[in-house]
Amino acid sequence: MGNLTDRQLLKELKLRLEEKKKVEVEFTELSKDFQGVTKKLKESEALKSHFISNITNEIVNPFTSILGLSKAILSVEKNDWKKVVSMVALIHSEAFNLDYQLRNIFVAAKVEAGEIAPNITKVNIRSLVQTVIDSFSIISRKMGVEFDIQFNIDHGFGKNFYFKTDSEKLKLILSNLINNALKYSYKDSKVIVKVWLDDDELCASVQDFGTGISEKNQKIIFERFKRLDSGINSINRGHGLGLSITKSLLDVLGGNIEIDSQKGEGSTFTVSMPEAQNIVDGFSGDGNDIFFDDEDEIF
Ligand code: ADP
């Protein structure tokens, strides 16, 4: 720069000053971004620790009830069967809840570890849907909520319709939607479950006439650990995992989920999924799963 004229020097200085300003603006923006990321991280940490304490309660509380109730049964008078039956019903409902929550938690852990490859079989859809609904019969009866099942697929193999998919994942998807439909329903109402085919895609909807979800909240409920304070029934306390898991499972199956809901009027969740191409092993969906087994109904 030895031979610069004053004018050139001034120009150079101006240029450098402008560059410095630009860098300063970029720096301010970056630091804003950084603050945003830190805020999100803090929020996520808070959500996680809240989640852990929720989960702890949800595991510890049912266990305490199960232990207490089974101990009480041991000291019931020999002829007092009615008492025993109602206690066993409570044990069943607590164990059902615990099992259900643990399944979601384990799937969440697998999703986290990236281990959710589908296990495809030919699934008897009618029987799978019926089995899932039956598994909620005790809870629904307790709340006076009736199921209206509309199975709109006529064709298939004999009376049954088979669809290549992952039966465990489909069960969990439907269970989460039905569990929510019951949880946010008002007493003595109805839950409508519809199943149909659209362009070779399997579709299912679960409709309730409960609290509904505002438009703003419809955008956030699929986020992990997100809960809104709209639960009216304490039968199944939630942990904000159900819908995020449902979404992840549908992603694995190449499917979709849509909500149609009006605050105060109810919600309809509709899922759709294409048929899988590759079968890993045989048939499934015959309802012999222990978790969904309802043969021991007590009422
Ligand atoms: P949770 O275990 O809290 O129910 P989910 O992920 O299944 O977690 O649902 C997230 C939130 O979405 C719930 O806390 C609830 O506020 C709302 N929600 C889900 N399903 C329904 C429904 N059928 N009716 C009203 N609100 C619902």
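The values are calculated or read from the model by the stated rules, or taken from the named source; none is laboratory data. Small disclaimer: the values here were computed from a predicted structure and weren't measured. All Cβ positions, even for glycine, are placed from backbone atoms using ideal geometry, and neighbour counts span all protein chains on display. Note: accessible area is taken over every heavy atom of the protein model, side chains too, but ligands, DNA and RNA are not part of it. Shrake-Rupley method; radii C 1.70, N 1.55, O 1.52, S 1.80 Å.
List the strands (runs of 3 or more DSSP E) that sit entirely inside the stretch 134-249 and contain at least 3 residues that are buried (at least 17 other Cβ atoms within 10 Å of the Cβ) and modelled with pLDDT of 90 or more. So that I can check it myself, show each step before the final result.
Working: elements: 146-151, 162-165, 190-198, 201-208.
The strands (runs of 3 or more DSSP E) meeting that bar are 162-165, 190-198, 201-208.
So that you can scan it fast, the table gives a plain yes or no per residue for (1) over 16 Å from Ser93 (Cα atoms); (2) open to solvent by 50 Å² or more (accessible area, probe 1.4 Å):
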position: Leu30; (1), (2): yes, yes
position: Lys48; (1), (2): yes, yes
position: Asn54; (1), (2): yes, no
position: Phe63; (1), (2): no, yes
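Just checking, which of Leu67, Leu90, Leu15 is at pLDDT 90 or above, under 29 Å from the mean Cα position of the chain (by Cα) and over 25 Å from Leu170 (Cβ atoms)?
Details: Leu90 fails: at pLDDT 90 or above; Leu15 fails: under 29 Å from the mean Cα position of the chain (by Cα).
Answer to the check: Leu67.
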**Item:** Among (1) touching an Asp or Glu at 6+ places or on another chain (Cβ under 8 Å); (2) among the polar types (S, T, N, Q); (3) in a strand (DSSP E or B), the one test that Thr131 misses
**Value:** (3)
**Asked** Any chance the stretch 5-16 includes a residue that's part of a helix (DSSP H, G or I), touching a helix residue (DSSP H, G or I) at 6+ places or on another chain (Cβ under 6 Å) and open to solvent by 70 Å² or more (accessible area, probe 1.4 Å)?
**Response** no
**Complete:** Phe96 fails exactly one of (1) surrounded by 14 or more Cβ atoms within 10 Å (Cβ to Cβ); (2) touching a residue at least 60 places away in the same chain (Cβ under 8 Å), namely (2)
**Complete:** Counted residues in the stretch 117-126 being open to solvent by less than 30 Å² (accessible area, probe 1.4 Å) and under 29 Å from Lys183 (Cα atoms) come to 3
**Request:** Name every residue in the stretch 255-299 that is modelled with pLDDT under 85 and among the aliphatic types (A, V, I, L, M), in order of residue number.
**Result:** Ile279, Val280, Ile290, Ile298
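Quick one: count up the residues across the stretch 102-116 that are open to solvent by 20 Å² or more (accessible area, probe 1.4 Å), in a helix (DSSP H, G or I) and touching a residue at least 24 places away in the same chain (Cβ under 8 Å). Let's see the steps before the verdict.
In the first step, residues of the stretch 102-116 are kept if they are open to solvent by 20 Å² or more (accessible area, probe 1.4 Å); the result is 102-103, 105-107, 109-116.
If we keep only those that are in a helix (DSSP H, G or I) too, we end up with 102-103, 105-107, 109-112.
Among the residues that remain, those that are also touching a residue at least 24 places away in the same chain (Cβ under 8 Å) are: 102-103, 105, 107, 111.
Final tally of qualifying residues: 5.
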**Request:** All but one of (1) under 25 Å from Ile139 (Cα atoms); (2) under 37 Å from the mean Cα position of the chain (by Cα) hold for Gly36, so report the exception by its number.
**Result:** (1)
